[in-house]
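The values are calculated or read from the model by the stated rules, or taken from the named source; none is laboratory data. These numbers were taken from a predicted model, which means no experiment stands behind them. Glycine also receives a Cβ, built like all others from the backbone with ideal geometry; neighbour counts cover every protein chain displayed. With ligands, DNA and RNA removed, areas are computed over all heavy atoms of the protein, side chains included. Shrake-Rupley method; radii C 1.70, N 1.55, O 1.52, S 1.80 Å.
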Amino acid sequence: MTGNQQLRNLTIAIATGIVLAVLSLSVLYGARLLIRPVLAGLLVAHILYPVVKLARQGGVPKWITIIVIFLSMVSGCVFVVSSLVPAIAEEIVAFKGSQEGMVEQQPGLSTGKGLVGTLLDASPPAGVPEEKPVKRQPVGSDVARSNLVYIGEQIYKTLERFGLVQETETHTEMIELVTGYITELFTDLVAWLGSVAPEGGQFLLLFFFVLIFALLDGDKFYKGLLSLIPNTYIEPGIFMLRKTIDMWGYYLRGLIVENLIMFFVSFVLLLILKVFVEITFIMALSIALIIAVTNIVRIVGPAFGACVGVILVLASLDVGAVEDVEAARRNLMQASFGVLCIVAFVQLLDSVVILPLVMRDQVNIHPVICLLGIFLGGVIGGIVGMILAVPFIAGAKVIYRVLTVEMKRFDMQIGAVPSYLNTNIVSSA
Amino acid sequence: MATSSKFLDWFSAAKSRTTLRRMETDDNFHFIRDNYLFEQFSPAAVAFILSHLIECRYSNNDLIFKEENPSICFFILKQGKAEIFVTPSPGVKIVYETVDRGQLFGEVSVLSSSSRTANARALENDTVMLLMSTFDLEELCRVYPVDGLKLLRGIAGRITEYLATTTRKLRSAQAELHELKHKLDSHDG
């Protein structure tokens with residue numbers, strides 16, 4: 001083969017690869033509504049299948065274990081929807097209320113222009129009379145934003161005391177603008193939650209459907225995968241598949257254990273914090289759950305969890321309902337600081353103790369790959385895609401590791417026996 | 001107490017009957033049940049084996065496994081013929097054994113988790129093998145230890161048989177060699 005032919009073949013191969021990758025991604029994107037619950041169902045089934053197997057070994061029929069799993073998961077969903085969601089929603093509604101309040105004060109903020117748009121539009125064009133912010137009385141729903149402003153002012157004052165910033169006339173406006181932006185984000189989140197609620201129902205329906213059938217026919221799934229392997233490669237194929245399934249299973253179950261430990265540690269620490277500052281039990285439970293769930297999305301997840309936790313705490317104090325507003329706000333600052341410290345401590349504990357203990361044979365994912373995967377998962381599958389991204393990157397990493405390390409033990413040049421072996425029989429043992 | 005024990009016995013027997021009835025529809029059930037390695041197995045263990053066996057079809061001359069590759073499965077020949085051989089040097093083949101229907105092979109290196117000591121190939125078209133992986137064998141021993149022990153005993157029996165045959169062959173070869181040496185010495189003398 002000449003150099004030109006080789007180059008042409010390589011170019012064709014690369015072009016075909018790119019076209020196939022683009023096609024696969026567009027198919028994935030097009031079918032994302034269907035793919036998300038199916039993938040989530042298969043993933044959870046893969047995590048829970050050992051439980052079904054273990055119960056079957058103990059003499060418990062498969063269908064009984066599956067019913068127990070199904071009922072536990074449904075009860076968990078019902079508990080979250082009936083107890084935690086209303087508590088969180090109540091706080092988020094406060095943001096929504098504050099956002100509405102802000103419309104009256106700063107009209108630019110709720111027009112979808114965001115922080116930058118608002119800053120650009122800060123000075124009105126010549127000839128147009130400046131729109132005066134409308135003063136309004138503080139209402140209960142304006143709590144979160146005013147609390148944020150208060151904390152912002154406190155931080156600003158502290159920085160000013162140390163000479164790190166100079167007092168300007170616009171600092172209060174800037175703080176209001178930033179806090180307004182945060183509340184705007186949460187308003188979008190509320191709107192998104194409202195829009196995905198029916199979709200969530202469909203998701204859960206399909207998710208449970210896939211989960212139950214994957215748990216029922218786990219062996220058939222495995223055999224189906226094996227039937228795809230050519231017979232001559234069956235031994236390396238079984239080895240690769242089992243190694244991948246086992247390693248990925250260890251990783252996923254490790255991930256679950258890791259986040260469960262994080263949930264319990266954060267919950268206990270939040271209960272301890274509850275002794276010193278005023279936060280409710282449900283709030284502590286919600287924040288612990290948020291810290292654990294967001295930790296699945298590596299790198300960005302913990303920061304997001306910390307923000308949500310702090311904002312939930314900030315929104316929990318209604319200044320209109322307390323007599324000593326200053327004392328209440330001091331408590332609020334302590335609580336926010338406490339939540340931040342807990343998140344930082346739990347993250348440190350995770351990196352230093354939990355991860356090395358739980359995931360002895362770790363699947364290390366490079367942060368850049370992780371971020372790219374989370375971004376791609378977000379584009380394809382939204383928040384669910386972001387949560388699923390890390391386990392699937394780990395799956396790909398496991399396959400790569402099995403192929404490049406474990407499979408080296410095999411001589412893959414197998415197939416038909418060379419013809420000389422049919423004739424020159426030297427000896428028959 | 002006695003009533004509950006009787007009930008448990010009755011329940012266990014009924015469960016076994018149901019399991020056996022359900023398995024009878026499986027193509028491999030009678031084949032497995034008639035194999036000397038599995039004939040003493042409990043219905044639950046047979047059900048386990050049936051659900052974990054993998055069926056593979058080979059064409060004539062297809063290589064089933066290759067020398068020096070890691071051992072992952074042992075094979076039971078369901079249909080057709082196969083041979084076990086080594087190639088000590090290019091163009092040279094030594095056939096160890098020709099495997100017939102119902103025979104087990106490839107089990108020695110699976111037990112010792114070592115590499116394959118020989119090659120195996122199909123000798124007929126439509127040669128059907130039933131495979132059981134070392135992962136499933138370990139699981140069988142964990143879940144059904146009594147049946148696992150029976151299987152291991154059966155395999156150990158086969159290994160002992162191999163060893164006895166090899167020892168016999170070695171002795172006769174030694175005797176032949178000794179005789180030849182004696183003849184050579186007397187010829188030289």
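No other residue among B:Ser89, B:Ser51 is polar (S, T, N, Q) and part of a loop (DSSP other than H, G, I, E, B) apart from B:Ser89.
Got at least one residue in the stretch B:138-152 being among the acidic types (Asp, Glu), farther than 22 Å from B:Glu67 by Cα, touching a Lys or Arg at 6+ places or on another chain (Cβ under 9 Å) and in contact (Cβ under 8 Å) with a residue 40 or more places away in the chain? Yes - at least one qualifying residue is present in the stretch B:138-152. There is no residue in the stretch B:130-141 that is within 14 Å of chain A (Cβ to nearest Cβ), surrounded by fewer than 18 Cβ atoms within 10 Å (Cβ to Cβ), at positive phi and acidic (Asp, Glu). Of all residue pairs spaced 6 or more apart or on separate chains, those with beta-carbon atoms under 8 Å, a first member in the stretch A:229-243 that is among the small types (Gly, Ala, Ser) and a second member that is assigned to a helix (DSSP H, G or I) are A:Gly237/A:Leu226. Scanning the stretch A:210-245 for residues that are within 12 Å of chain B (Cβ to nearest Cβ), in contact with a Phe, Trp or Tyr (Cβ under 8 Å, 6 or more places away or on another chain) and more than 21 Å from B:Gly106 (Cα to Cα) returns A:Gly218, A:Ile245.
Inclusion of A:Phe70 among residues that are under 15 Å from A:Phe207 (Cβ atoms) and either of a type in the set (Phe, Trp, Tyr) or open to solvent by 50 Å² or more (accessible area, probe 1.4 Å) (or both) is warranted.
Conditions tested, residue by residue: (1) under 30 Å from B:Lys169 (Cα atoms); (2) of a type outside the set (D, E, K, R); (3) surrounded by fewer than 19 Cβ atoms within 10 Å (Cβ to Cβ); (4) at pLDDT 75 or above.
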| residue | (1), (2), (3), (4) |
| --- | --- |
| A:Phe337 | no, yes, yes, yes |
| A:Asp350 | no, no, no, yes |
| A:Pro356 | no, yes, yes, yes |
| A:Gln362 | no, yes, yes, no |
| A:Val368 | no, yes, yes, yes |
| A:Val384 | no, yes, no, yes |
| A:Val402 | no, yes, no, yes |
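Looking only at the stretch A:318-331, decide whether some residue is within 14 Å of chain B (Cβ to nearest Cβ), at pLDDT below 80 and in a helix (DSSP H, G or I). Steps first, answer last, please.
Taking the stretch A:318-331 and keeping what is within 14 Å of chain B (Cβ to nearest Cβ), we get none.
Taking every residue of the stretch A:318-331 in turn, none turns out to be within 14 Å of chain B (Cβ to nearest Cβ), at pLDDT below 80 and in a helix (DSSP H, G or I).
Hey, can you tell me all the residues within the stretch B:55-79 that are at the interface with chain A (Cβ under 7 Å from one of its Cβ atoms) and surrounded by fewer than 19 Cβ atoms within 10 Å (Cβ to Cβ)?
B:Arg57, B:Asn61, B:Glu68
Residues that are open to solvent by 70 Å² or more (accessible area, probe 1.4 Å), at pLDDT 90 or above and away from every other protein chain (no Cβ under 14 Å) within the stretch B:161-175 comprise B:Arg171, B:Gln174, listed in sequence order. Of all the residues in the stretch B:105-119, those that are assigned to a strand (DSSP E or B), within 10 Å of another protein chain (Cβ to nearest Cβ) and surrounded by 21 or more Cβ atoms within 10 Å (Cβ to Cβ) number 1. Residue check: A:Phe263 meets all listed conditions (1) buried (at least 17 other Cβ atoms within 10 Å of the Cβ); (2) at pLDDT below 80; (3) of a type in the set (A, V, I, L, M, F, W, C) but one, namely (2). The requirement of being surrounded by fewer than 20 Cβ atoms within 10 Å (Cβ to Cβ), more than 12 Å from every other protein chain (Cβ to nearest Cβ) and on the phi > 0 side of the Ramachandran plot is satisfied by B:Gly102.
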